[in-house]
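Worksheet: the structure to be examined is printed underneath.
The values are calculated or read from the model by the stated rules, or taken from the named source; none is laboratory data. Worth saying up front: this structure is predicted, and the values here are computed from it rather than measured. Counting neighbours? That spans all protein chains shown, and the Cβs are built from the backbone with ideal geometry, glycine included.
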């Protein structure tokens, strides 16, 4: 990290080391509920060393508004931020059918051929600034753009991964880096297509990337896991080899996988093995709490129950799932079974945890023709509060990070709401979260802290002008290519 950024983002002593700090909030959401007059003690490592309600300020910095835990973003493909909006022109597909996820994928393949490491880093940094300003304080980067445009590895196998780590370090966001295992073009080990050549690795080579990032960057703000892309991009053998390899690197490393996103995927899986994707995975692999199954849109009732019982997290990305025409996750049944879930911005058509939570509920209202559908537990009177709190817990679990809770031992990742936002006037407690999720479109955040560092103050990221300038330059080159 460069010295200029260090001086801006970190609380420092005269020798440049991080120092212990304290923050006082008149109102804060703690694990046991809303509390008044909360003092947060923040250690030099960016963790909360003490949280006390009913305390006195005693010289602590005062938060300008109510304080919430920062939201984890459990699913991101950073480079896709720069192609948001490029696939919104209707037209005949190559196969003569209607526009779909599969036609969108062809647009994506064409776009990624223009990306080099510097442009990927510039795009990721801009995205992460946007995430932080929106209230995402950690991100799970499902990273599958590994090689050069011709499919040949860079001299450093981890070159592209290091660019993601650099973007996260510059912006200050917490990162769970998930190098993607992608070896095939369809179920049963079908050959990959030309558009997929930048993604391809055998397990051993992919694990070299994961090990390099763990060795050189792991700890503190960077966590490393693995992401077998989908059952159509791995074989049973490579899936098991990848899981075993990442477990040797870290026994509790997160494992993320796309599953049952599209009906065609379900049909193709049935043709391959006679079982549906979720049915095959839960029957053949030991799936547990360190797993995040992304989308899981098309499940039977039995699969929904089995996923909820497994302890894995369902990674839901409602704005991307809507944009791609995926369908709606069976949320009422899943949540009634107390299944864990978190949210992600995926293709970054939208970068807003509020919009993800809003559309998680609104999608169900439209098909059920009811209101307040997802308040499925007796204690869940406030829908916005229920969804926000559950997404905090599931997102933290999926990213394998001590976040999502303002408690001693957790990272000091927190949001300060802007008390001047009209939608938040005259409400408090869980009603504040209801208003935040469902009332208006103004960004309700004023300040954002990650790992004890203020990264956004008064709605502005400390590096946003410099990062935006690089992003614009990268896009100008892409547009002229």
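Checked against the criterion of being modelled with pLDDT of 60 or more and either outside the structural domain of residue 327 (by TED's automatic domain parsing) or surrounded by 16 or more Cβ atoms within 10 Å (Cβ to Cβ) (or both), the candidates 65, 91, 16, 97 yield just one match: 65. The set of residues from the stretch 169-203 being touching a helix residue (DSSP H, G or I) at 6+ places or on another chain (Cβ under 6 Å) and crowded, with 20+ Cβ neighbours inside 10 Å comprises 170, 171, 172, 173, 175, 176, 177, 179, 181, 183, 187, 203.
When residues in the stretch 334-360 are screened for being more than 18 Å from residue 384 (Cα to Cα) and free of Cβ contacts under 8 Å to residues at least 60 places away in the same chain, 2 of them pass.
Scanning the stretch 387-401 for any residue that is over 15 Å from the mean Cα position of the chain (by Cα) and either at pLDDT 95 or above or not assigned by TED's automatic domain parsing to the domain that holds residue 47 (or both) turns up at least one such residue. Would you check which residues across the stretch 406-431 are touching a strand residue (DSSP E or B) at 6+ places or on another chain (Cβ under 7 Å) and either over 13 Å from residue 25 (Cβ atoms) or surrounded by fewer than 20 Cβ atoms within 10 Å (Cβ to Cβ) (or both) and list them? Those that are touching a strand residue (DSSP E or B) at 6+ places or on another chain (Cβ under 7 Å) and either over 13 Å from residue 25 (Cβ atoms) or surrounded by fewer than 20 Cβ atoms within 10 Å (Cβ to Cβ) (or both): 407, 408, 409, 410, 411, 413, 418, 424, 428, 429.
Applying the selection to the stretch 202-218, what residues are closer than 27 Å to residue 265 by Cβ and outside any helix (DSSP H, G or I)? Hit for the stretch 202-218 is 202, nothing else. Among the residues of the stretch 160-172, none qualifies, meaning not one is part of a loop (DSSP other than H, G, I, E, B) and farther than 21 Å from residue 399 by Cβ.
Return yes when residue 449 is crowded, with 19+ Cβ neighbours inside 10 Å, under 24 Å from the mean Cα position of the chain (by Cα), modelled with pLDDT under 95 and more than 23 Å from residue 316 (Cβ to Cβ) and no when it is not.
no
Out of curiosity, is residue 86 at pLDDT 95 or above and either in a loop (DSSP other than H, G, I, E, B) or not assigned by TED's automatic domain parsing to the domain that holds residue 341 (or both)? No; evaluated as a whole, the condition is false for this residue. Regarding residue 339, is this residue in the same structural domain as residue 286 (by TED's automatic domain parsing), at pLDDT 95 or above and touching a strand residue (DSSP E or B) at 6+ places or on another chain (Cβ under 9 Å)? Against the criterion (in the same structural domain as residue 286 (by TED's automatic domain parsing), at pLDDT 95 or above and touching a strand residue (DSSP E or B) at 6+ places or on another chain (Cβ under 9 Å)), residue 339 qualifies.
Conditions tested, residue by residue: (1) over 23 Å from residue 344 (Cβ atoms); (2) surrounded by fewer than 24 Cβ atoms within 10 Å (Cβ to Cβ); (3) in contact with a helix residue (DSSP H, G or I) (Cβ under 7 Å, 6 or more places away or on another chain).
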residue	(1), (2), (3)
252	no, yes, no
255	no, no, yes
259	no, no, yes
266	no, yes, yes
273	yes, yes, yes
281	no, no, no
287	no, yes, yes
293	no, no, yes
311	no, yes, no
